[in-house]
1. With respect to the numbered conditions (1) away from ligand 2 (no atom under 13 Å from the Cβ); (2) at pLDDT below 90, which one is the sole condition not fulfilled by Glu84?
2. Those residues that are within 16 Å of ligand 2 (Cβ to nearest atom) and at pLDDT 85 or above, I need them from segment 11-58; list them, please.
Amino acid sequence: MAYSEEARSLRLCTAARRDGQPCRAWAMWDDPLGRCVVHAGRGHRGPLAPGFAPSVHARYVPCRCRAYAWPHRPGGGLCRWPEEPLYRLTTLAGTRAWWRR
Ligand SMILES: [Zn+2]
Ligand SMILES: [Zn+2]
């Protein structure tokens, strides 16, 4: 995943750490204040045994720019979110899994 500088600043946690430094964690897609898991108070407190970390899929608002014909993860592949894509995939939606047919 390659974010542009603008996308990166949009995606970083907006909260500050206890020592005053800006938090460098990624913000959660669904936090209205753009905070990371810890600063939104949703992080697990206390140690987790290896292998017991909850497997939570990243939730995000799909990007609908013209890079792909389907909603996709912002900044993924050809998508240059939040900018317009330079290239777009000409594959039509629903034809991605042609090898599964
Ligand atoms: Zn944070
Ligand atoms: Zn996009």
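The values are calculated or read from the model by the stated rules, or taken from the named source; none is laboratory data. Worth saying up front: this structure is predicted, and the values here are computed from it rather than measured. A quick note on method: Cβ atoms are made from the backbone with ideal geometry, for glycine too, and the neighbour counts reach across all protein chains shown.
1. Result: Glu84 fails condition (1) only.
2. Once the filter is applied, which keeps residues that are within 16 Å of ligand 2 (Cβ to nearest atom) and at pLDDT 85 or above, segment 11-58 yields Arg11, Trp29.
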